[in-house]
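**Q** Can you read through this structure? Questions will come right after.
Every read-out reported here was derived from the displayed coordinates using simple, explicitly stated rules and does not represent laboratory data. Everything numeric in this text was worked out from a predicted model, so none of it was measured. Reconstructed Cβ throughout: ideal geometry from the backbone, glycine too, with neighbour counts over all protein chains shown.
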Amino acid sequence: MTHPSTPNIRAFHFSLPIAHAQSGQWLLVIALMLVPVLSLAQESLPVPRITVGVDTARNPQEVSTSLQILALLTLLSVAPSILLMMTAFTRIIIVLSFLKSALGTPNIPPTPVLVGLSLFLTFYVMAPTLEQMNREALQPYMKKQIRFEQALARAEKPIRQFMLRQTYTDDLNLFLRMRRQPVPRTPDEVPMTVLIPAFILSELKTAFIIGFYIYIPFLVIDLVVASILLSMGMMMLPPVVVSMPAKLLVFTLANGWSVLTQSLVQGFR
């Protein structure tokens, strides 16, 4: 008795080599067609060769250009320190860190979130200063209207004015006395070596004062919760377990993030 499926199986076995042969022919044709394309691409797109070396300068202009590039690379390497020390970033990140500590949530919000928020608030606060630096120093230099030294001098004025507005007079006098320099007659005569550390010290003082005011309401909540638990005889229950939700509730109902952000931004003169 012959099964009806037998012819189909034989046909399949006979057609399989034929299909392989046809696919192999098509692959060979495609490969032959791609050979000129690959050779053309190899000729038209040469691999670049990058070399780094030190050669003898042929004129003083090359020496000046090399020194400017070296100064630019050095500036880029210390740019994070400039961002931290000469802008509003120091005060903002310290205040937000105080807030996280006062709430009793050491991991919430995460540190990258606080750093990102501090950076964007810093750009917001420094926007007028940066726009003035771009308008008076960077754009004329890019249009080759002024030299590099003149651009640096023009860019220094806006950042100097910003730091002077935030710096306490006592801190300026402190560093002037330590350097044994007379008190300048005008703010423009204050050297940057005195202004920068005085500005940083003033920012630390201001941030700690704001942190103290942040701690007061949360400290009151801790004392109230501890007193209630003690009066109820629940001495084995840690007060932090009860006070943390209360702090979060009060902070959220008081719209704390908006109030704190507004106070921080408006605190810069």
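**Q** When the residues of segment 175-195 are filtered to those that are in contact with a helix residue (DSSP H, G or I) (Cβ under 7 Å, 6 or more places away or on another chain) and part of a helix (DSSP H, G or I), which remaining residue is surrounded by the fewest Cβ atoms within 10 Å (Cβ to Cβ)?
**A** Pro187
**Q** On the basis of being of a type outside the set (Gly, Ala, Ser), without any contact (Cβ under 8 Å) to a residue 24 or more places away in the chain and loosely packed, with under 12 Cβ neighbours inside 10 Å, does Leu253 make the cut?
**A** yes
**Q** Continuing with the same structure: Please identify the pairs in which a residue from segment 108-134 that is farther than 29 Å from Lys247 by Cα has its Cβ atom under 8 Å from the Cβ atom of a residue that is of a type in the set (A, V, I, L, M) and surrounded by 14 or more Cβ atoms within 10 Å (Cβ to Cβ), counting only partners at least 6 apart or on another chain.
**A** Phe123/Leu130; Met126/Ala88; Thr129/Ile159; Met133/Ala155; Met133/Ile159
**Q** Scan segment 235-250 residue by residue and report those that are free of Cβ contacts under 8 Å to residues at least 12 places away in the same chain and either touching a helix residue (DSSP H, G or I) at 6+ places or on another chain (Cβ under 6 Å) or assigned to a loop (DSSP other than H, G, I, E, B) (or both).
**A** Across segment 235-250, the qualifying residues are Met235, Met236, Leu237, Pro238.
**Q** Tally the residues that are under 26 Å from Tyr124 (Cβ atoms) and charged (D, E, K, R), restricting the search to segment 219-264.
**A** Summing the residues that are under 26 Å from Tyr124 (Cβ atoms) and charged (D, E, K, R) in segment 219-264 gives 0.
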